[in-house]
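*Asks:* After the structure tokens below, expect a handful of questions from me.
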Amino acid sequence: MFQRKRRSLSFWAGLVGACFMLAFFVIIGRFVYIAQGKEIEGHKLMPIAKNQWSQYKVIDEKRGTIYSANGRILAEDVPAYTLFAVTSPNAGKDRQGNLRYVKDKEKTARLLAPVLGMKESDMLNRLNKNAYQVEFGSKGRMLSYEKKKQIDKLGLPGIGYLTESRRYYPEQGSAAYTIGFTQTDSKTKKRQGAFGIEQSLDRYLSEKDGTVRYYKSVSGVPIPDEHQRISKSVPGNDVHLTINSSIQTVLEQAMTRVNKEYTPESMVGVVADPKTGKILAMSSLPGFNPNKRDIKQFSNSAISDPYEPGSVMKTFTVASAIDAGVYNGQATYPSGDYKTKGGTIHDWHRGGWGTITFNQGFELSSNVGMSVLTDKYIGPDRLGAYFKKFGLMKKTGIDLPGERSSLVNWTWPIDKLEASFGQASAFTAIQIVQAATAIANDGKMMRPYVVDKVVNPETKKKVVDHQPVVAGQPISPQAAEQTRSLLRRAVSAKDVVKGYNATGVAYDLPGYDVIGKTGTAQVAVDGQYLPGKNNYIYSFLGMAPEKDPKLIVYVAVKQPQLKPTDLGAEPVEQIVRPVMASSLQYMQVRKASSKSGDMGTSSEKVDNYTGQPITEAETALKNSGLNPVSAGTGTVSKQVPAAGDKAVKGSRVILLGSGSVTVPDLSGWSLADSMKFAEAAGMKLKVQGNGFVTGQKPKPGSRVKSGSDLTLQLSPHQPGPEQKETTEDAKSSSNQPEGQNE
């Protein structure tokens, strides 16, 4: 009995042991199979394991910065924050006993909603979601550092941030149509340029984010790995524009004042260097703020909207006639109207001025004079050939996206005659500016451009280096000089005929020998011109000084709501005069020293005073005939004008100290000198009024904060003797309306 029981136990013990051994070998075999095959049920194990062991960290790189010609940042990457809230009590407390989650959701919603601009109820709904943590949609994304600090001050538990970067435009809406903006692609989640320079130079500006992979333990501690994989990040290239932020500011603020007073349909303003084709300032209104992307019109009007420019086209008609050798300014013609095939052409003064010379006709902006000149002297087809030479029949090739060409009617005889004085055919502002460079630059026409260079931020080497490009030579130097002489008469001649001054006298700046041509063109809708003086495009194409123009200013204002006493030129005049005067002063162009019109050329090359004691720099500048203005103490950390630049004798040179910098008393300063100080101090200039500084904020002696506002109140009072050489006479007058298209 005992033996049988023992044999039974041995049998079952052996069976159990065999089962255990079988299970052991099955498990070991399975481990061996998995280890060798690295796969279970079709699932690759190594990628899964690597994900468990590995930690990837993205190295966020910066998109390239966009700079103005004078070093102001126009577009840059700055830190941005996405707000989140931990709502689960499982988050517990930190080591100091502070809550890691939102406990009082009502209080959090009440305090946080106004900061984000959300409804309290909407925020509370998000906080009440059944989730470990929640975000707050578009209102909680891409928050600025200032907004983050505002939220941190609330001291709300459970609130945190995801850090990333966003594109920021420090000058807000300034030069917005030139700079453009970026947006994130919904599919690739990659940020890319969507408009302006941001779009056209996206391949240069775009950065490449990097990654670092390292192994970690179960507890998350990094494990040393000599084979650590690093994908190097590459920053975007920096872009330097030809836009001068100081001149751009004056243009923008003048246009903004006119926009507020006259509420026109639209406006365009361009300032250019005729010697190089560099665009120094360019603005279109209505504008937009790239930080808000509140853009309504996705085209840069200055380069993409052709329109009938009116009598500014007479500039190129007369220049063509002079170059062709058929212009006799003393020859006469009967003004008033001119009958031709297809209709009758009228002067803006319907009664005309009787029989006048072609010179008088140009000064008075006679449509009939240009028609007779084209029909009987130049010949319409030859004028068309000259317009092609002036680049008016094709795109300029400016380095901005979205440029359109002109719309030229050259089929019927009357269309050709009307094109001679700016009707029937449409041109863009940039085409007009390019053509004007030939007049200003002794017949040599320069292609306009806005990108000066593209620079690698690490090596400082130029990736792209734009040089001035000659776009053609439509006329001879002699023809250009004679045309400039006529343009001078167009803004200075008084009593051309009894009771009528030249149409551009409102734009003359005493001492600067301004030359230019006015334009007044009716607005057409569905082929019909709209009636009333509010339905015109008023414009002016100006250059200065006559003998050797340093800049071109072109401004066009469409359908301003004029006052009953206004004659038409007022909105354009209020832009052109301060822009031209301030720009000439800023560029150190001295006023004429005599009635003969010769420009004073007494100037000094500014030495490099950086690093020298301010007192020594002041003495040296005074000995050179310059007027030093010190802001701060210690050694010179920055100077404007920069070393190597020329400064007119008696003009101000701004010296910033290495210690704390304070705002000087700017009373009586010209806008141009104030622009120099703002540039040196890195302050944002805001101007109210015209003329000379009568009030300022911050007050004199206040400490300078880079990036802060410098607000100036200007009035057209007569400056003291020391300012007379560097400021403009703010008064102007116009003696008659131009009436119809001229």
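The values are calculated or read from the model by the stated rules, or taken from the named source; none is laboratory data. Please read these numbers as outputs of a predicted model, since none were measured by experiment. FYI the Cβ positions are ideal-geometry reconstructions off the backbone, even for glycines, and counts take in every protein chain you see. These accessible areas exclude ligands, DNA and RNA; they are computed on the full protein's heavy atoms, side chains included. Shrake-Rupley method; radii C 1.70, N 1.55, O 1.52, S 1.80 Å.
*Asks:* Roughly how much of residue 108 is accessible, in Å² to the nearest 10, using a 1.4 Å probe?
*Replies:* Its accessible surface works out to 10 Å², give or take rounding.
*Asks:* Would you list 460, 453 from the most to the least accessible area, probe 1.4 Å? Before the final figure, lay out each step's value.
*Replies:* Details: 460 145, 453 55 Å².
Result of the area sort, largest leading: 460, 453.
*Asks:* For residue 260 and residue 667, what is the calculated FRET efficiency with R₀ set at 25 Å and r taken between the beta-carbons, to the nearest 0.05?
*Replies:* Values: r = 26 Å, r/R0 = 1.04.
The computed FRET efficiency comes out at 0.45.
*Asks:* Under a plain spin-label model, where a point goes 7 Å from the Cα along Cα-to-Cβ, how far apart in nm are residue 138 and residue 84?
*Replies:* Output for this residue pair reads 2.2 nm.
*Asks:* How much FRET efficiency would the formula 1/(1 + (r/R0)^6) give for residue 633 and residue 460, where r is the Cβ-Cβ distance and R0 is 25 Å, rounded to 0.05? Write out the running numbers ahead of the final one.
*Replies:* Working: r = 31 Å, r/R0 = 1.26.
With a Förster radius of 25 Å, E is 0.20.
*Asks:* Within the range 338-482, what whole-number % of the accessible surface is contributed by carbon and sulfur, with the 1.4 Å probe and all protein chains included in the calculation?
*Replies:* Numbers: 2820 of 5850 Å².
After summing per-atom areas, the C and S share lands at 48 percent.
*Asks:* Only one of the values [x] 35.3, 153; [y] 25.0, 79; [z] 43.1, 141 was calculated from this structure for Rg and Dmax of the Cα atoms in Å; name its label.
*Replies:* [x]
*Asks:* Calculate, in nm to one decimal, what residue 98 and residue 148 gain on full extension: separation in residues at 0.36 nm each, minus their alpha carbon distance.
*Replies:* Details: separation 50, 0.36 × 50 = 18.00 nm, distance 1.99 nm.
Between residue 98 and residue 148, full extension yields an extra 16.0 nm.
*Asks:* Of 336, 348, 262, which is farthest on the positive side of the dipole of the range 258-395, counting Cα position, with +1 on Lys and Arg Cβ, -1 on Asp and Glu Cβ, and the Cα centre as origin?
*Replies:* Looking along the dipole axis, the top candidate is 262.
*Asks:* Something else: For residue 355 and residue 131 in the same chain, what is the full-extension length gain: residue separation times 0.36 nm, less their Cα-Cα distance, in nm?
*Replies:* Details: separation 224, 0.36 × 224 = 80.64 nm, distance 8.82 nm.
Fully extending the segment from residue 355 to residue 131 adds 71.8 nm.
*Asks:* Same structure again: Under the rule of -39500 (n - 2.57) per DSSP H run of 4 or more residues, summed and divided by the residues of the chain, what mean residue ellipticity at 222 nm is obtained, to the nearest 500 deg cm²/dmol?
*Replies:* -8500 deg cm²/dmol
*Asks:* Give me the count of lysine pairs in the range 342-462 whose alpha carbons sit under 24 angstrom apart, restricted to pairs 8 or more positions apart or on different chains.
*Replies:* 15
*Asks:* In debye to the nearest 20, how big a dipole does the chain give about its Cα centre with +1 on each Lys and Arg Cβ and -1 on each Asp and Glu Cβ?
*Replies:* On the way: 95 positive and 71 negative charges, 838 e Å.
Computed charge dipole of the chain: roughly 4020 debye.
*Asks:* Taking the Cα-to-Cβ direction at residue 161 and at residue 528 and moving 7 Å from each Cα, how far apart do the two end points lie in nm?
*Replies:* The two pseudo-label positions are separated by 5.9 nm.
*Asks:* Given the protein chains as shown and a 1.4 Å probe, how many square angstrom of residue 646 are accessible, to the nearest 10?
*Replies:* 130
*Asks:* Here's something else I'd like to know. How long is the gain from residue 184 to residue 120 if the chain were fully straight, where each residue apart is worth 0.36 nm and the alpha carbon distance is subtracted? Each step should come with its number before you reach the end.
*Replies:* Details: separation 64, 0.36 × 64 = 23.04 nm, distance 2.86 nm.
Residue separation times 0.36 nm, minus the Cα-Cα distance, leaves 20.2 nm.
*Asks:* Same structure, new question: Just to verify a number: what accessible area does residue 349 come out at with the full protein assembly present, 1.4 Å probe, Å² rounded to tens?
*Replies:* About 50 Å², ignoring ligands and nucleic acids.
*Asks:* Still on this structure, please answer the following. How much FRET efficiency would the formula 1/(1 + (r/R0)^6) give for residue 111 and residue 711, where r is the Cβ-Cβ distance and R0 is 30 Å, rounded to 0.05?
*Replies:* 0.35
*Asks:* Counting pairs of alpha carbon atoms under 8 Å apart in space and at least six apart in sequence, what relative contact order in percent does the range 357-473 give?
*Replies:* Details: 146 pairs, mean separation 25.1, N = 117.
That works out to 21 percent.
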